[in-house]
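Undergrad: Next up is a structure, given as structure tokens.
Values quoted throughout were computed directly from the atomic coordinates according to the rules given, and no laboratory measurement underlies them. In this text, all values refer to a predicted model and were calculated from it rather than measured experimentally. No Cβ is skipped: glycine too gets one built from the backbone with ideal geometry, and neighbour counts run over all protein chains shown.
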Protein chains: 2
Amino acid sequence: MKKKLKVRAGKESRPIGVFDSGLGGLTVVREIRRLLPSESIIYFGDIARLPYGIKSKEQILSFSIQNTLFLLKHKIKALVVACNSSSSAAYSFLKSHFNLPVVDVIGPAASAAAELTQSGRIAVIATQSTIASRAYEKTLKRLKSSAKIFQSACPLFVPLVEEGWVDGKITEDIVRVYLEPLKRYRADTLILGCTHYPLLKNIIQRNLDAKVQLVDSALPTAQKLASILEKNELCYHSSRRGKLKIFVSDLPRNFVRIGERFLGEKLNDVKVVREI
Amino acid sequence: MKKKLKVRAGKESRPIGVFDSGLGGLTVVREIRRLLPSESIIYFGDIARLPYGIKSKEQILSFSIQNTLFLLKHKIKALVVACNSSSSAAYSFLKSHFNLPVVDVIGPAASAAAELTQSGRIAVIATQSTIASRAYEKTLKRLKSSAKIFQSACPLFVPLVEEGWVDGKITEDIVRVYLEPLKRYRADTLILGCTHYPLLKNIIQRNLDAKVQLVDSALPTAQKLASILEKNELCYHSSRRGKLKIFVSDLPRNFVRIGERFLGEKLNDVKVVREI
């Protein structure tokens, strides 16, 4: 068994499956493609049923299972739950019930924050469902029991990013309203607990003390995936760049443009699947 | 046949079915309950899959058919499509394929605007999908071929209402950005083409010339429903107030509070249906 796995090391060309409620998870794909350029990726964005962030835990779990089953049809070798709402509602379930390595976005971001903080005061901003789940709080407490955690929901950030208002006075005013209670808390580390938020990174940083360190899930998640693939001898090394196939449950106008903003490269291969 | 219908006139106690992608359609229910207080209503809010406004026509049509089938199980006597996105994507289909009176929100609002306008210059604000469908434009042109129509999407209005930011400086700034091109157009009538927008009525009116008349779908739709029930001898008269049953495909936190804001009364009877 060990020998067989060794032979396959670096040659496991099956794709990595990634899903999100929409296109925000492409910020995670962007980092995976930087870190693991020869890996192929199948991405599923559940645009027909987005946003997940305002829905109940049961509903998000049910959607997440369906998304996983869809990706499994494409013979994925590992799964990345690139959505904070799904990570909080479904990660444990997916990890225990499906027979493949599963990486979420909450664990890696929480680990990165726990390592970075000096004062132990960590703030988390995310969608309503992620905050209500207290997933970051629980994970951070497990990693660093002395940590003090402040949580706050920012429901307008996702629509602002989707409208393309990632800068300007109105966005700055909204950011200021949402960051106000958090500033009073004097955290030294802020987790951007939603895959849309990295696009507001500059404006958020500008409105905080310069010493506050921002952590988003994208890079820590890609790093976690790399180490899990390595550990399970599931890597694929090649001189050719891996393929990226995007499936979406709906494809409204402008979504390709928004997707390219998240991904940082052209979206060439996008297919709509109506029934998943 | 005629005699039979006559006997039933005023005694047709079956409920009216109303659906929307979420709870915005309760602004229409509110007017129906004012105008037709003894009628019972079954409302379905497809919260698990909202918002419809950013999705494709095919997707919205498919959701709308499912919602109609769900309401038909409850033996409704008439159907109100209390969602602009569904009205634009699905009204014609539902009207021709289902055997009951169907009322949308676009026709009644367009008729009201066509009657009100003096200059013939009508503006419409709505979600992206309603604007892209050009449903208001086509309907207005049919009603008043000389009309000049200006259309504009306001994607942040729905999340602002759902966040409860229906007043204040930031909302005023956002309203001003979206109304700017419309003011230059010098319309004398503005259609609020989304069932969430009536909650922003004051702030919108404040930022327009006082002569601009605002039209929302709620009252004209309730009036259209009343006349269709009358014509089909499907009314129910009683001294008792009709029942209101609310079904939703998901029930996240805060949604009852938001729903009560739309409905203007307590939401007592809310049931979650996971599979529709």
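Undergrad: Quick one: which residues, 5+ away or cross-chain, put their amide H under 5 Å from the amide H of B:Ala78? H built at 1.01 Å from N.
TA: B:Gly17
Undergrad: Ok, one more. Averaged across the residues of A:48-58, what count of C-beta atoms belonging to other chains lies within 10 Å of each residue's C-beta? Before the final figure, lay out the partial values.
TA: Details: counts 9, 9, 5, 4, 1, 1, 11, 9, 9, 1, 5.
Counting Cβ atoms of other protein chains within 10 Å of each residue's Cβ and averaging gives 6.
Undergrad: In addition: Just tell me how shielded B:155-164 is by partners: mean number of partner chain Cβ atoms within 10 Å of each residue's Cβ, no decimals. Please report the intermediate quantities before stating the final value.
TA: Working: counts 7, 8, 1, 1, 10, 4, 0, 4, 7, 1.
The per-residue average across the peptide is 4.
Undergrad: If packing is taken as the average number of other Cβ atoms within 10 Å across a peptide's residues, how do B:71-80, A:243-252, A:53-62, A:80-89 rank, most packed first? Provide the component values of the computation, followed by the final result.
TA: Numbers: B:71-80: 18.5, A:243-252: 20.5, A:53-62: 22.0, A:80-89: 31.0.
Result, highest mean first: A:80-89, A:53-62, A:243-252, B:71-80.
Undergrad: Going through segment A:71-136, which chymotrypsin sites (Phe, Trp or Tyr not before Pro) have at most 15 other Cβ atoms within 10 Å and a DSSP loop state? Kindly include the intermediate steps, with their values, before the conclusion.
TA: On the way: sites: A:Tyr91, A:Phe93, A:Phe98, A:Tyr136; in loops: A:Phe98.
Those that pass, being in a loop and sparsely packed, are A:Phe98.
Undergrad: In degrees, nearest 10, range 0 to 90: what is the angle between the Cα axis of helix A:106-116 and the longest Cα principal axis of chain A?
TA: Tilt relative to chain A: about 60 degrees.
Undergrad: Let me ask you something else. With angles folded into 0 to 90 degrees, how steeply does helix B:57-72 sit against the dominant principal axis of chain B? Use alpha carbons for both and round to 10.
TA: Between helix and principal axis, roughly 30 degrees.
Undergrad: Still on this structure: Over all directions, the average projected area of the alpha-carbon convex hull for segment B:1-147 comes to how many nm²? All intermediate terms of the calculation are to be shown ahead of the outcome.
TA: On the way: hull surface 39.9 nm².
Spelled out: convex hull of the Cα atoms, projected over all directions, averaged, 10.0 nm².
Undergrad: Using the Kirkwood formula on the Cα atoms of segment A:107-216, what hydrodynamic radius do you get, in angstrom to one decimal? Show your work: numbers first, answer last.
TA: Working: mean 1/r = 0.0724 Å⁻¹.
By the Kirkwood definition, the hydrodynamic radius is 13.8 Å.
Undergrad: Right, another one. Using the 7 Å Cα-to-Cβ label point, sort the distances from B:Arg34 to its equivalents in the other copies shortest first and give them in nm to one decimal.
TA: Distances to the matching label points in the other copies: 5.5 nm.
Undergrad: Quick one: angle between helix B:218-231 and the longest Cα principal axis of chain B, in degrees between 0 and 90, rounded to 10, please.
TA: Result, in degrees: 30.
Undergrad: When N is the residue count of chain B, what does its C-alpha Rg come to as a fraction of 2.2 N^0.38 Å?
TA: Working: Rg = 18.2 Å, N = 276, 2.2 N^0.38 = 18.6 Å.
Here the answer is 0.98, to two decimals.
Undergrad: Further question: Please work out, to two decimal places, the log10 of the ratio I(q)/I(0) at q = 0.11, 0.13 Å⁻¹ from a Debye calculation in which every Cα of the protein assembly as shown carries one identical scatterer.
TA: -1.00, -1.28
Undergrad: Where does chain A land at 222 nm, in deg cm²/dmol rounded to the nearest 500, when only DSSP H runs of n ≥ 4 count, each adding -39500 (n - 2.57), divided by all residues?
TA: After summing the helix terms and dividing by residue count, I get -13500 deg cm²/dmol.
Undergrad: In peptide A:166-177, what is the residue-averaged number of other protein chain Cβ atoms found within 10 Å of each Cβ? Write down the numbers at each step before the final one.
TA: Working: counts 0, 0, 2, 3, 8, 2, 0, 5, 8, 0, 1, 4.
Mean inter-chain Cβ contacts per residue within 10 Å come to 3.
Undergrad: Sort out for me the Cα centre separation of segment A:24-69 from segment B:35-96, rounded to whole Å.
TA: 28
Undergrad: Could you tell me what percent of the DSSP beta bridges with both partners in chain A are antiparallel, to the nearest 5? Write down the numbers at each step before the final one.
TA: Details: 1 of 34 bridges.
Given both bridge residues lie in chain A, the antiparallel proportion sits at roughly 5 percent.
Undergrad: Hand me the tally of lysine pairs in segment A:107-216: alpha carbons under 24 angstrom apart, and the pair either on different chains or 8 or more positions apart.
TA: Lysine pairs, 8 or more places apart or on different chains, close enough: 15.
Undergrad: Name the residues of segment A:223-265 whose amide N is less than 11 Å from a point 7 angstrom out from the Cα of A:Arg14 along the C-beta direction?
TA: A:234
Undergrad: Find the relative contact order for segment A:107-216 and round it to a whole percent, using C-alpha pairs within less than 8 Å whose residues are 6+ positions apart. Walk me through the numbers on the way to the answer.
TA: Numbers: 166 pairs, mean separation 39.0, N = 110.
Computed value for segment A:107-216: 35 percent relative contact order.
Undergrad: Between B:Thr130, B:Ser145, B:Ala112, whose Cα lies farthest towards the positive end of the dipole of segment B:107-216 when Lys and Arg beta carbons carry +1 and Asp and Glu beta carbons carry -1, centred on the Cα centre?
TA: The listed residue farthest towards the positive side: B:Ser145.
Undergrad: Using R₀ = 22 Å, calculate the FRET efficiency as 1/(1 + (r/R₀)^6) where r is the Cβ-Cβ separation of A:Lys201 and A:Asn254; round to 0.05. Kindly include the intermediate steps, with their values, before the conclusion.
TA: Values: r = 22 Å, r/R0 = 0.99.
Calculated transfer efficiency: 0.50.
Undergrad: For chain B, what is the relative contact order in percent, using Cα pairs closer than 8 Å and at least 6 residues apart in sequence? Intermediate results must be reported in sequence, preceding the final value.
TA: Working: 522 pairs, mean separation 80.1, N = 276.
That works out to 29 percent.
Undergrad: Want the number for B:Glu58 to B:Lys183: 0.36 nm per residue separation, take away the alpha-carbon distance, what's left?
TA: Details: separation 125, 0.36 × 125 = 45.00 nm, distance 3.30 nm.
Taking B:Glu58 through B:Lys183 to full extension adds about 41.7 nm, to one decimal.
Undergrad: For Cα pairs less than 8 Å apart in space and 6+ apart in sequence, what is the mean separation divided by the residue count of segment B:70-131, i.e. the relative contact order in percent?
TA: Numbers: 46 pairs, mean separation 21.6, N = 62.
The value is 35 percent.
Undergrad: Can you tell me the FRET efficiency between A:Lys245 and A:Arg121 if r is taken as the Cβ-Cβ distance and R0 is 51 Å, rounded to the nearest 0.05?
TA: Details: r = 42 Å, r/R0 = 0.82.
After rounding to 0.05, the efficiency reads 0.75.
Undergrad: Where the only charges are on Cβ atoms (+1 Lys, Arg; -1 Asp, Glu), what is the dipole of chain B about its Cα centre, to the nearest 20 debye? All intermediate terms of the calculation are to be shown ahead of the outcome.
TA: Values: 44 positive and 25 negative charges, 219 e Å.
The calculated dipole for chain B is roughly 1060 debye.
Undergrad: Oh, and also: Any chance you could run the full-extension gain for B:Gln66 through B:Glu275? It's 0.36 nm times the residue separation minus the Cα-Cα distance, nm to one decimal. Don't jump to the answer; show the numbers that get you there.
TA: On the way: separation 209, 0.36 × 209 = 75.24 nm, distance 1.01 nm.
Gain in length upon complete extension: 74.2 nm.
Undergrad: If amide hydrogens are placed 1.01 Å from N in the peptide plane, which non-local residues have theirs closer than 5 Å to the one on B:Ile41?
TA: B:Ile16, B:Lys243, B:Leu244, B:Lys245
Undergrad: Run the dipole for segment A:21-92 about the Cα centre, Lys and Arg Cβ at +1, Asp and Glu Cβ at -1, nothing else charged, and hand back the magnitude in debye, nearest 20. Intermediate values should be presented prior to the final figure.
TA: Numbers: 9 positive and 4 negative charges, 25 e Å.
Around 120 debye, computed over segment A:21-92.
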